[in-house]
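The block underneath contains the structure these notes are about, expressed in structure tokens.
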Amino acid sequence: MVSEVNALERLKSDPMSFGQWVIVAICIGTLALDGYDVLSIAFAAPGITQEWGLSKSVLGIVLSIELAGMAGGAIFLGSFADSNGRRFTMLLGITIVTLGMFVAGLAPNIYVLGAARLVTGLGIGGIMATATATCSDFCNDKNRVMSVSLVAGGFPFGIYIGATFLAPLLKQYDWRIVFYLGTFLSFLFIPLVYFYVPETISFLNRKRPVGALEQIQKIMRRLGHAPPDALASVAEQEAEAVGMKSLFSPNLRYITLLLCFAYFANVMTYYYFVKWLPTAVTDLGYTVSQASDVLGVASLGGILGSIGISLCARFIPIRPLMLASLMLAAVGVALFPHFTDSMVNMKLMGFFAGTFVMAAISGFFGLFASSFPSSILGSGSGMVLGVGRGGAVIGPMIPGFLFAAGLAFENVAIIMASGSFLAGVAVIFLHKKAN
């Protein structure tokens, strides 16, 4: 007889099947979708500013508003996924994003646009938390940190794809094309997730809905592994920690708080950089298309950084990799204003900063997978991502007020780069505690 525990152990220890890698690929795609959706407002910002005559302080609020929705979506939908199903929650998040992007494209004024972006943020936050947990649950131990980090790497890939397609499109259409394209891309993922991403086995075992054993057996066969003959005993099931409350238990409280602070600080730097980059470039006299090109190169660096830290994580502990990435990200973001004398130099420094700031973002997802138990990975990821959205909100907002107060680009960059530096300091203490 193959017990359920042994079946789960097979997923952790056996080589991953093609079906498991398909799930990982779809999770990467959903994060690419998130990357496009989150940065869509940055692509559209110059056109919106020109059409509606927005000030920089108002623009800073518009750039940040969907990130407030992401905070709620990550925390509440992440916890919802642990309690009600990760597959269902992922589908719900994608549907919300699709509707939000469509309404944003039709928005007649800044108020409707802001409401649409807030709703879109709810869906994005839910997708980020559930994609992380889903990928982790279907990966073996050997590939888990690498795969989850690659899922996070989908985020800059979505930005890069968006910049590549939008640069020529924005020459022919107004800013609304950004949201219409996002609507189409989001809609495509609904059938992909529905047909190719099953509910996680760990969730089915914990919640045990009607027909749970039959569902688990079907999923295991589909993934090429031996199906169980019975569910785990109730005693084994109850031994798992479940629920957001357990994130602040004595064993996890310190790690949860450190991860929340570090992710918050680094995300503040990241969102300052990617959200203000197009506007900063156009303010220097370059075109919207050229600004999209610079952001695209920075996103390409982010893709390579995400892939690089993911592959290195198979051979090197994730925490020293994170420390190096965070410190180099701070350097790149702080120095960017000193390389704005030409498009070539802006692309080079944008590539450098993008490489390490996004490598750090991806590395955090690897830290989630290695820090939280599977039963609360959705809650844990959602909590850190949700708190981190605070950094995402103030990251674009603070520079708006700093620029309005007359601070030079060079000084604003140093202030905002300090987030990644402080995150690196926090990771040092996380390293000591974890060991």
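Points to keep in mind about this one:
- Residue match in segment 367-389 (condition: of a type in the set (Gly, Ala, Ser), touching a residue at least 12 places away in the same chain (Cβ under 8 Å) and either outside any helix (DSSP H, G or I) or more than 30 Å from residue 122 (Cα to Cα) (or both)): no
- Screening segment 52-169 for helices (runs of 4 or more DSSP H) wholly inside it with 2 or more residues that are farther than 24 Å from residue 23 by Cβ returns the ranges 56-72, 86-106, 110-137.
- Some residue of segment 45-59 being of a type in the set (Gly, Ala, Ser) and crowded, with 24+ Cβ neighbours inside 10 Å: yes
- Meets criteria (hydroxyl-bearing (Ser, Thr, Tyr), in contact (Cβ under 8 Å) with a residue 24 or more places away in the chain and under 29 Å from residue 45 (Cα atoms)) for residue 134: no
- Matching entry among 302, 332, 354 (being closer than 24 Å to residue 153 by Cα, touching a Leu at 6+ places or on another chain (Cβ under 8 Å) and of a type outside the set (Phe, Trp, Tyr)): 354
- Tabulated pairs, segment 284-295, first under 18 Å from residue 156 (Cα atoms) and surrounded by 21 or more Cβ atoms within 10 Å (Cβ to Cβ), second at pLDDT 80 or above and β-branched (Val, Ile, Thr), C-beta under 7 angstrom, 6+ apart or interchain: 291/281; 291/282; 294/281; 295/274
- In segment 131-163, residue modelled with the highest pLDDT [restricted to those that are in contact with a Gly (Cβ under 6 Å, 6 or more places away or on another chain) and of a type outside the set (Gly, Ala, Ser)]: 148
- Which listed residue, of 387, 425, is surrounded by fewer than 21 Cβ atoms within 10 Å (Cβ to Cβ), within 28 Å of residue 78 (Cα to Cα) and under 21 Å from the mean Cα position of the chain (by Cα): 387
- Residues that are among the β-branched types (Val, Ile, Thr) and over 12 Å from the mean Cα position of the chain (by Cα) within segment 119-139 comprise 119, 120, 134, listed in sequence order.
- Considering segment 99-110, the residues that are surrounded by 23 or more Cβ atoms within 10 Å (Cβ to Cβ) and farther than 21 Å from residue 382 by Cβ include one that is nearest to the chain's Cα centre (by Cα), namely 101.
- Every residue from segment 40-96 that is of a type in the set (Ser, Thr, Tyr) and at pLDDT below 85: 40, 55, 57, 64, 79, 83
- Residue count for segment 347-360 under the criterion of being out of contact with any Gly (no Cβ under 9 Å at 6 or more places or on another chain) and under 18 Å from residue 416 (Cα atoms): the result is 0.
- Residues of segment 244-270 classified as polar (S, T, N, Q) and free of Cβ contacts under 8 Å to residues at least 40 places away in the same chain, total: 2
- Total residues in segment 97-129 satisfying the condition of being within 24 Å of residue 361 (Cα to Cα) and among the β-branched types (Val, Ile, Thr): the figure is 5.
- Condition met for residue 325 (crowded, with 21+ Cβ neighbours inside 10 Å and either over 13 Å from residue 298 (Cβ atoms) or aromatic (Phe, Trp, Tyr) (or both)): yes
- Selection count, segment 297-310, where residues are crowded, with 24+ Cβ neighbours inside 10 Å and over 30 Å from residue 246 (Cβ atoms): 6
- Only one of 356, 351, 403 that is part of a helix (DSSP H, G or I) and buried (at least 24 other Cβ atoms within 10 Å of the Cβ): 356
- Residues satisfying the stated conditions in segment 190-204, i.e. in contact (Cβ under 8 Å) with a residue 24 or more places away in the chain and out of contact with any Leu (no Cβ under 6 Å at 6 or more places or on another chain): 190, 192, 194, 196, 197, 198, 199, 200, 201, 202, 203
- Filter pass, residue 372 being in contact with a Ser or Thr (Cβ under 9 Å, 6 or more places away or on another chain) and over 30 Å from residue 138 (Cα atoms): no
The values are calculated or read from the model by the stated rules, or taken from the named source; none is laboratory data. Worth saying up front: this structure is predicted, and the values here are computed from it rather than measured. Note: ideal-geometry Cβ built from the backbone for every residue, glycine included; neighbour counts use all protein chains shown.
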